[in-house]
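See structure below.
The values are calculated or read from the model by the stated rules, or taken from the named source; none is laboratory data. Owing to the predicted nature of the structure, the values given are computational and were not obtained by experimental measurement. Because the Cβ atoms are built from the backbone with ideal geometry, glycine has one as well, and the counts that use them run over all protein chains shown.
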Amino acid sequence: MPDSNRIIIFDTTLRDGEQSPGCSMNLEEKLRMARLLDEMGVDVIEAGFPIASKGDFEAVEAISREIKNSTVAGLCRAIKRDIEASAEAIKAAPHKRIHTFISTSPLHMKYKLQMTPEAVLEAITESVTFARKFTDDVEWSAEDGSRTEDDFLCRCVEAAIKAGATTINIPDTVGYAMPDDYAAKFTMLRDRVPNMNRAVLSTHCHNDLGLAVANSLSAVDAGARQIECTINGIGERAGNAALEELVMAMRTRPDAMPYHNGIKTEMITKVSRTLSSITGFVVQPNKAIVGANAFAHESGIHQDGVLKHAQTYEIMTPESVGLHRSNLVMGKHSGRHAFKSKLEEMGYGDLGENAFEDAFNRFKDLADKKKQIFDEDIVALVEDETGRDNENIRFTSLVIQAGTKGPQIASIEMDVDGTRKFAMSEGNGPVDAIFKAIRMIIPHDDAVLQLYQVHAVTGGTDAQAEVTVKIEENGKIVVGQGTDADTLVASARAYIHALNKLIDKRARTAPPDVHMNEVERAGP
């Protein structure tokens, strides 16, 4: 008998999360995230929307070849060519799912689809039946399900299950629902749909009113046994239900939520920081579970209580989400073995040899400049080096002339495809001079800098700077990050990182399918 309290975790970071403006990832970054999600115990990884572009198809295909434990899902509209593209992209996966959707609310049917309810019902039957030709694992979603009329939603769900759908997803696509109302939808479906026992009910909530996690948990109480969510809650508009909040709510409050899942929660912090590093979306300090302040205490009363007994102000342990409290003090006298042990303790034991050497050398340089090395400093160094082995452009050195009296001048050296190149430029400030010098070596006149952001990795005047830049070129948006104790060096690293991603994106990205506009592409 299946475990009635086992919750399936369906992660859509690589699909719905990537649709968040500025969150696009290249192939290597998607593979890196997919490996971590698989290792963390995610049941289903929605790898992308294969028909959307050549790049999306290739990413889903590559993930399908590599992931061995999680089910790999491809999203598609209720259109045969969409379904065929998804089926082809996930073909190599040991466990595969086709996820097809169509809108069912009166508003969407009238204005978006311009279809009658009867035509939508027919499309549901045809699309699910066709999808079943490629796999037995078919999920059907009622886009804008929370605003769909009950009678029609029941007819749609019954038709989808009859056609072969094994998972029925009722999304709160626009984040409109309230917990009680959303739960009532699931209770109603369980009571009224005669073949409901043949499929798993799923929830997919957006956070427009800040209720995505609350709505998802309410749906679970009402019978949903799959939750669709993303790391750090990224996603369209205000984002999706955050995976880390959902699983830690279940782990922390089994009295109120007597459900369980297969997530290794000790990996949460690592996966969260990796995604933040890839996308450039910095997690807000007061974010639940993974924010910098989630386990920080400044109030004297709180500090006193925590010192006497941690549970006075901490309802979960830092270790349960992968934050390690180590007695191993890292400094300028630490050797490779100590540094490697520290990385393994922090969940970075699989770092490649080149990335390890680069991170260790930068750690030693940093230790000469800083009195105290924090875990956050080491994470920033590692994340800054990870995934850069195949870069075409590499930062070598930087000299800056700045101040109030003279022109601001940047002299920069870079390796471009193995060839050392040098440029010098004046600018309106040192950062402008750096970026102009880089443009002299790597011309990219159509690219526009959309964001330049600096934040300190830790406290203190000797803190490392983490710089994020966003560049847009002809509709292609990339995000680069760089860290260094010198803010200007971090700026150069971030800009070069973004350029490498732009070069990769030029090579890999094809225009979206000409028949699919952004509204159609959005999905649940």
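Details
- Test: residue in segment 284-304 that is modelled with pLDDT under 90, over 22 Å from residue 175 (Cα atoms) and among the aromatic types (Phe, Trp, Tyr): yes
- Test: residue in segment 49-61 that is part of a loop (DSSP other than H, G, I, E, B), crowded, with 18+ Cβ neighbours inside 10 Å and out of contact with any strand residue (DSSP E or B) (no Cβ under 9 Å at 6 or more places or on another chain): yes
- Residue in segment 89-105 that is out of contact with any strand residue (DSSP E or B) (no Cβ under 7 Å at 6 or more places or on another chain) and in a helix (DSSP H, G or I) present: no
- The residue list 20, 86 contains one member that is within 15 Å of the chain's Cα centre (by Cα) and small (Gly, Ala, Ser), which is 20.
- Which numbered condition residue 432 misses (of (1) among the acidic types (Asp, Glu); (2) in a helix (DSSP H, G or I); (3) within 30 Å of residue 272 (Cβ to Cβ)): (3)
- Taken over segment 1-27, the criterion of being surrounded by fewer than 18 Cβ atoms within 10 Å (Cβ to Cβ), out of contact with any Leu (no Cβ under 9 Å at 6 or more places or on another chain) and not hydrophobic (A, V, I, L, M, F, W, C) is satisfied by 2, 3, 4, 5, 6, 21.
- Hey, residue 370 surrounded by fewer than 17 Cβ atoms within 10 Å (Cβ to Cβ) and not polar (S, T, N, Q) or not: no
- Qualifying residues in segment 435-474 (those that are part of a strand (DSSP E or B) and among the β-branched types (Val, Ile, Thr)) - the one surrounded by the fewest Cβ atoms within 10 Å (Cβ to Cβ): 448
- Residue tally, condition β-branched (Val, Ile, Thr) and free of Cβ contacts under 8 Å to residues at least 40 places away in the same chain, over segment 56-84: 3
- Only one of the numbered conditions (1) modelled with pLDDT of 80 or more; (2) part of a loop (DSSP other than H, G, I, E, B) is violated by residue 333, and that is (1).
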